[in-house]
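Okay, structure first, notes after.
The values are calculated or read from the model by the stated rules, or taken from the named source; none is laboratory data. What you see is a predicted model; the values in this text were computed from it and never measured. FYI the Cβ positions are ideal-geometry reconstructions off the backbone, even for glycines, and counts take in every protein chain you see. For the accessible areas, the whole protein counts, side chains as well, though only heavy atoms, and no ligand, DNA or RNA atoms are used. Shrake-Rupley method; radii C 1.70, N 1.55, O 1.52, S 1.80 Å.
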Amino acid sequence: MNLTQSEIVLVIGMTRTGKSTITKFVAGEENQLEAVRTDEGFAINDRYGDSVGNHSSISKTLLPELTIDGTGMAFYDCPG
């Protein structure tokens, strides 16, 4: 990405499709995620043990959440 530090990235999409996951991964917070084996193969869990990317109508992000990477770039994870 060729963005300056004064730019902001908004991450938008449907509820429970992995917006928070990709935002944290891109910002360098991948240590907040873990892969676990399931009956269907593998799943990615967040730091709370919740599986990510499972579509439902309940959003865990109520307001846009700011994540800043190591370069100072701002990522806003928006509710689904």
_Among the residues that make up the range 40-58, is at least one of them modelled with pLDDT of 75 or more, more than 19 Å from Ile12 (Cα to Cα), open to solvent by less than 80 Å² (accessible area, probe 1.4 Å) and not aliphatic (A, V, I, L, M)?_
yes
*Filter the range 8-43 down to residues that are out of contact with any helix residue (DSSP H, G or I) (no Cβ under 6 Å at 6 or more places or on another chain) and free of Cβ contacts under 8 Å to residues at least 24 places away in the same chain, then give me how many there are.*
15
*Unmet requirement for Ile8, which otherwise passes all of (1) at pLDDT 80 or above; (2) within 13 Å of the chain's Cα centre (by Cα)*: (2)
